[in-house]
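In what follows, a single structure is set out as structure tokens and then discussed.
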Amino acid sequence: MGRIRQSLVKRIAMEVVEKYGDMLTTDFKKNREIIDKVVKVEGKFMKNKIAGYVTHLVKIGGRNEV
């Protein structure tokens with residue numbers, strides 16, 4: 001079974017995708033750099049969780065636009 005992401009991670013990631021969706025890509029490392037500039041989050045772990053979920057949302061969004 002998979003892990004469930006925290007609602008805080010989901011909420012912040014969705015807000016970032018809505019506001020900065022044109023800057024985001026399917027590359028985790030680039031998204032992590034963007035999130036580091038855009039969101040004030042304490043801790044590497046939480047930043048990586050948000051960046052991972054943002055990358056996931058961008059990948060899913062690309063599939064639906066075909």
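The values are calculated or read from the model by the stated rules, or taken from the named source; none is laboratory data. These numbers were taken from a predicted model, which means no experiment stands behind them. Reconstructed Cβ throughout: ideal geometry from the backbone, glycine too, with neighbour counts over all protein chains shown.
Worth pointing out:
- Test: residue in region 3-13 that is free of Cβ contacts under 8 Å to residues at least 12 places away in the same chain and of a type in the set (S, T, N, Q): yes
- Of all residues in region 2-25, those satisfying the criterion of being β-branched (Val, Ile, Thr) and within 12 Å of the chain's Cα centre (by Cα) are Val9, Ile12, Val16, Val17, Thr25.
- Leading residue by the ranking (modelled with the lowest pLDDT) among those in region 55-66 that are among the aliphatic types (A, V, I, L, M) and assigned to a helix (DSSP H, G or I): Ile60
- Residues that are among the charged types (D, E, K, R) and not in a helix (DSSP H, G or I) within region 7-54 comprise Asp22, Asp27, Lys40, Glu42, listed in sequence order.
- Close pairs from region 17-38: first on the phi < 0 side of the Ramachandran plot, partner surrounded by fewer than 16 Cβ atoms within 10 Å (Cβ to Cβ) and not in a helix (DSSP H, G or I), Cβ under 6 Å, at least 6 apart: Ile34/Met23
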